[in-house]
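The structure appears below as structure tokens.
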Amino acid sequence: MHELSLARNIVAICCEHAAGQPVGRVLVEVGRLSAVTPHALLFCFDAAARNTLLQGARLEIVEVVGRARCCLCGSEFTLTQLGQPCACGSYALDQLAGEELRIRSMELVEAATVSSIPNTSDMESASAVRPGFAETRR
């Protein structure tokens, strides 16, 4: 299962670009002809992300269909499998899409700002203090 090494690489690349901030979501494009099983990649991602900036991050996978252009007749068509000929019978094809494995984006989780606990006897200041929260950005 090469999905584990792919997941580890995705985690490593995202950690490198996260500049120390936790990551909340990663969007990856996976070509249908890439020999990567999306379900296995999701499973391995959770294991690879443990104890990293990506722990708890959501991996979203967009599958990219295979596309090719025939070198003989020039038509473009959907490839459902590698080695598939054009409708004209030619196997001379330029593959346009379908073998990708690309990190498209990641969302960082901004550090929560923790306010000091207000004095319960001072209810006016207590109503002005908002608890910290995590926010994602694109």
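Structure data summary
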| quantity | calculated |
| --- | --- |
| Filtered residue count, the range 65-84, keeping only those that are part of a loop (DSSP other than H, G, I, E, B) and either aliphatic (A, V, I, L, M) or under 24 Å from Glu29 (Cβ atoms) (or both) | 7 |
| Among (1) at pLDDT 95 or above; (2) crowded, with 16+ Cβ neighbours inside 10 Å; (3) among the aliphatic types (A, V, I, L, M), the one test that Ala12 misses | (2) |
| Residue list for the range 22-51, filter: polar (S, T, N, Q) and touching an Asp or Glu at 6+ places or on another chain (Cβ under 7 Å) | Ser34, Thr37 |
| Residues of the range 28-64 that turn out to be part of a loop (DSSP other than H, G, I, E, B) and within 19 Å of Val109 (Cα to Cα), as a count | 8 |
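The values are calculated or read from the model by the stated rules, or taken from the named source; none is laboratory data. Values in this document were obtained by computation on a predicted structure and should not be read as measured data. In this analysis, Cβ positions are derived from the backbone assuming ideal geometry, glycine residues included, and neighbour counts consider all displayed protein chains.
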